[in-house]
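Take a look at the structure below.
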Amino acid sequence: LPLLIGHSATITVAVIDIETLGITKQTHQYTKVAQDKWRYLSSSTNTEVEVKVDKFGFVLDEPNNFQRII
């Protein structure tokens with residue numbers, strides 16, 4: 001998302017369950033926290049998660065979900 005640090009946007013995302021490969025539609029509010037960090041709030045699970053991204057915006061690490069291995 002082309003946002004400035006501290007700005008937010010609400011978008012609809014597709015979430016894939018890795019065990020069943022089931023797909024659900026969810027609404028997330030993304031806030032750019034730093035150049036390499038985003039925070040999102042999932043409206044369906046009411047959870048807030050902070051993720052670190054690389055220079056292209058791809059997630060490197062999402063706590064309790066996955067960590068990218070290079």
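The values are calculated or read from the model by the stated rules, or taken from the named source; none is laboratory data. Note that the structure is a prediction, hence the values are computed from the model and not measured. All Cβ positions, glycine included, derive from the backbone under ideal geometry; neighbour counts span all protein chains shown.
The table below lists the values:
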| item | result |
| --- | --- |
| Residue check, Thr20 outside any strand (DSSP E or B), at negative phi and among the polar types (S, T, N, Q) | yes |
| All positions within the stretch 31-56 that are of a type outside the set (Ser, Thr, Tyr) and modelled with pLDDT under 90 | Asn46 |
| In the stretch 16-30, residue modelled with the highest pLDDT [restricted to those that are touching a strand residue (DSSP E or B) at 6+ places or on another chain (Cβ under 7 Å) and exposed (fewer than 12 other Cβ atoms within 10 Å of the Cβ)] | Ile23 |
| Residue in the stretch 43-65 that is at negative phi, surrounded by 11 or more Cβ atoms within 10 Å (Cβ to Cβ) and touching a His at 6+ places or on another chain (Cβ under 8 Å) present | yes |
| Count of the stretch 1-15 residues which are surrounded by 10 or more Cβ atoms within 10 Å (Cβ to Cβ) and either in a strand (DSSP E or B) or in contact with a His (Cβ under 6 Å, 6 or more places away or on another chain) (or both) | 6 |
| Test: residue in the stretch 31-42 that is more than 9 Å from the chain's Cα centre (by Cα), surrounded by fewer than 13 Cβ atoms within 10 Å (Cβ to Cβ) and over 16 Å from Gly6 (Cβ atoms) | no |
